[in-house]
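Here's the structure, in structure tokens; my notes come after.
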Amino acid sequence: MTIRALYTAMSLLLLALPAGPGRGRPRYSARKERIARAERREHVRLALRSASAHGYYVFDELMTEGAGMIDFLAVGPVGACVVVVRDEAGTVTADVDATLYLNARPFADDPKRQAADMAADVNARFEGTDAEAFHVVCFTRAELKYLGEDEDVLWGICPTWDLPLAFAEADEKHTPADVEELADLVRKVYGRPPFGVPEEGGR
């Protein structure tokens with residue numbers, strides 16, 4: 001065997017050996033983070049299931065015309081609520097103009113604008129009805145703070161564990177029959193069934 005052939009064989013053997021202590025870690029970390037992100041998203045899903053007790057149908061992964069994919073949409077007595085899930089880590093702050101910052105820097109893509117664009121897509125589908133779509137941005141792991149005294153600036157922004165309150169405390173604007181019609185419309189125009197339906201005896 002020539003030296004060159006021997007070198008090639010040794011290189012192939014080294015490539016086939018298990019990665020060393022540090023070489024396999026990045027892939028493992030990425031996999032671990034994907035699992036953690038999926039778990040945080042599942043917590044949002046579970047929190048939204050509780051909205052069914054308050055008369056809501058809950059949908060997920062609805063594709064809009066040009067605003068991207070709606071993470072979740074709850075349709076119930078208040079009308080409809082787009083839920084945008086954001087997974088950034090760190091501290092989210094709001095100033096007096098309700099502008100959001102992540103770790104003291106502006107977001108590359110404004111979560112509130114993202115949510116508003118998605119709600120606009122839903123409202124366009126609701127044309128001809130008296131229903132309206134609102135929006136909530138749910139941060140799964142960021143700490144939320146307001147740089148001032150009027151915390152109402154953070155309206156529509158919440159952590160996962162406060163998400164059910166948006167539905168439990170909302171004013172009723174539609175009857176159960178109206179809600180069922182809206183849910184049927186959403187099912188038809190977006191082509192997906194709800195994963196959560198109103199519980200019997202719910203409001």
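Ranked by the mean number of other Cβ atoms within 10 Å per residue, highest first, peptides 76-83, 54-61 order as 76-83, 54-61. Of the residues Ser52, Ser29, the one with the largest accessible area comes first in the ranking Ser29, Ser52, computed with a 1.4 Å probe on protein heavy atoms. Distance between the modelled labels on Asp110 and Arg40, one decimal in nanometres: 2.3 nm (7 Å Cα→Cβ projection). For the residues Met63, Met118, a 1.4 Å probe over the protein chains yields an accessible-area ranking, largest first, of Met63, Met118. Surface exposure of region 29-190, expressed per residue as accessible area with a 1.4 Å probe, stands at 52 Å². Summing charges over all other residues whose Cβ lies under 11 Å from the Cβ of Lys188, with Lys and Arg as +1 and Asp and Glu as -1, gives +1.
Partners of Lys173 within straight-line reach, counting aspartates and glutamates whose Cα lies under 13 Å from its Cα and excluding those fewer than 8 residues away in the same chain: Asp130, Glu132.
Packing, taken as the mean count of other beta carbons within 10 Å per residue, orders the peptides 95-104, 121-130 from highest to lowest as 121-130, 95-104. Excluding ligands and nucleic acids, what accessible area in Å² is computed for Phe107 using a 1.4 Å probe, to the nearest 10? Counting only protein heavy atoms, the figure is 30 Å².
For Lys145, the lysines whose Cα comes closer than 21 Å to its Cα, not counting residues fewer than 8 places off in the same chain, are Lys112. In this structure the amide hydrogen of Glu132, modeled in the peptide plane, comes within under 5 Å of the amide hydrogens of Ala80, none closer than 5 places in sequence on its chain. Note on region 29-190: Kirkwood radius taken over Cα pairs, Stokes-Einstein applied at 10 °C and 1.306 mPa s, translational D equal to 97 µm² s⁻¹.
The values are calculated or read from the model by the stated rules, or taken from the named source; none is laboratory data. Note that the structure is predicted; figures quoted are calculated from it, not measured. All Cβ positions, glycine included, derive from the backbone under ideal geometry; neighbour counts span all protein chains shown. Note: areas computed on protein heavy atoms with side chains; ligands, DNA, RNA excluded. Shrake-Rupley method; radii C 1.70, N 1.55, O 1.52, S 1.80 Å.
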